[in-house]
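This report refers to the structure that appears directly beneath it.
Read-outs throughout are calculated quantities, based only on the coordinates presented, and are distinct from any laboratory measurement. Computed from a predicted model, the values in this text were never measured in an experiment. Because the Cβ atoms are built from the backbone with ideal geometry, glycine has one as well, and the counts that use them run over all protein chains shown.
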Amino acid sequence: MSGKEELKKAAGVRAVDFVRTGMLVGLGTGSTAEFAIEELSKRIKDGRLSDISCVPSSERTKDFAQTLGLDLVELGSQRKIDVTIDGADEIDPDFNLIKGGGGALLREKVLAQNSQRNVIVADESKLSKRLGSSFPLPVEVFEFAIEAEKGYLESLGGKVRLRLARDGSPFLTDQGNFIIDWSFGEMDDPSSVADCLSERAGIVEHGLFIGTASDIIIGSALGVKHLVPG
């Protein structure tokens, strides 16, 4: 395991400390979140945790969690998720995030908005002074509107790229939508960018997560750091 993977694992393992017996847990998507999912399964199997149900944020996460024997349930209206553990592609000092590198931004945002606590896990390379400085912004778009939304994003500045699968075909989300990766550059005001994108009918969702993170766990060369807003 590389040094970076070790940092991811350390963050993922630490995040599971927020889970208590009897909780409903949201499971994020991505390599760092998978370290947390593995640790959650381990603690259930060895008896440190029990009566845990989980809501996966993607088909990838669902399949991974099933192989570990976790109890998976649908997102319901009667009970909010107690804690969601998820990764991020970029994190600014105000706890705003870019997410969606794994293509699960829509379901991840649904989980984030329906959770009592959102714990973000990442290695220190994901910390950034301004969003957009090191990672493009994923934008999920209906197929019908793909060319119109590419043009709209280009009109705002930066470059757009249709995300492709490994075989060269367009990457499709779990909802069957396309993703445009928008290299906009550093964002002075991520909230304003989020508002512009949310107003567009052809855009299903965007990867700006504003004010959703309650805790950030960072794996660093100096150890695991727990960051909170304010």
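Overview of results
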read-out: Environment charge at Gly230 (Cβ cut-off 14 Å; Lys +1, Arg +1, Asp -1, Glu -1); value: -2
read-out: Proximal charge balance of Phe144 [Cβ under 15 Å; K/R count +1, D/E count -1]; value: -2
read-out: Taking N as its residue count, the alpha carbon Rg of the chain over 2.2 N^0.38 Å; value: 1.00
read-out: Aspartates and glutamates with Cα under 12 Å of Lys99, excluding same-chain neighbours fewer than 8 positions away; value: Asp86, Asp89, Glu90, Glu108, Glu140, Asp181, Glu205
read-out: Order of Cys54, Cys196 under a 10 Å beta carbon neighbour criterion, fewest first; value: Cys196, Cys54
read-out: Mean ellipticity per residue at 222 nm, deg cm²/dmol - from DSSP H runs of n ≥ 4 across the chain, formula -39500 (n - 2.57); value: -8500 deg cm²/dmol
read-out: Principal axes of the range 137-205: Cα extent on each, largest first, Å; value: 36, 22, 19
read-out: For the chain, with +1 on Lys and Arg beta carbons and -1 on Asp and Glu, the positive-most of Gly211, Phe178, Gly157 along the dipole; value: Gly211
read-out: For Ile85, Ile217, Ile210, order by how many other beta-carbon atoms lie within 10 Å, fewest first; value: Ile210, Ile217, Ile85
read-out: Ranking of Glu149, Glu38, Glu143 by count of other Cβ atoms within 10 Å, fewest first; value: Glu143, Glu38, Glu149
read-out: Only Lys, Arg (+1) and Asp, Glu (-1) charged, at Cβ; the chain dipole about Cα centre in debye; value: 560 debye
read-out: Within straight-line cross-link reach of Lys45, lysines at Cα separation under 21 Å, skipping those fewer than 8 residues along the same chain; value: Lys9, Lys62
read-out: Coarse-grained scattering of the range 33-93 at q = 0.22 Å⁻¹, given as base-10 log I(q)/I(0) from a Debye sum over alpha-carbon atoms; value: -0.97
read-out: Global form of the range 112-156, assessed from the alpha-carbon gyration tensor, a/c cut-off 1.5; value: oblate
read-out: Ratio Rg/Rh, restricted to the range 94-225 and using Cα atoms, in which Rh is the Kirkwood radius; value: 0.97
read-out: For Asp195, net neighbour charge (Lys/Arg +1, Asp/Glu -1) across residues whose Cβ lies under 14 Å away; value: -3
read-out: Normalised contact order of the range 2-61, rounded percent, pairs of Cα under 8 Å and 6 or more residues apart; value: 42 percent
read-out: Ellipsoid equivalent to the range 182-230 - semi-axes via the Cα gyration tensor, in Å; value: 29, 12, 10
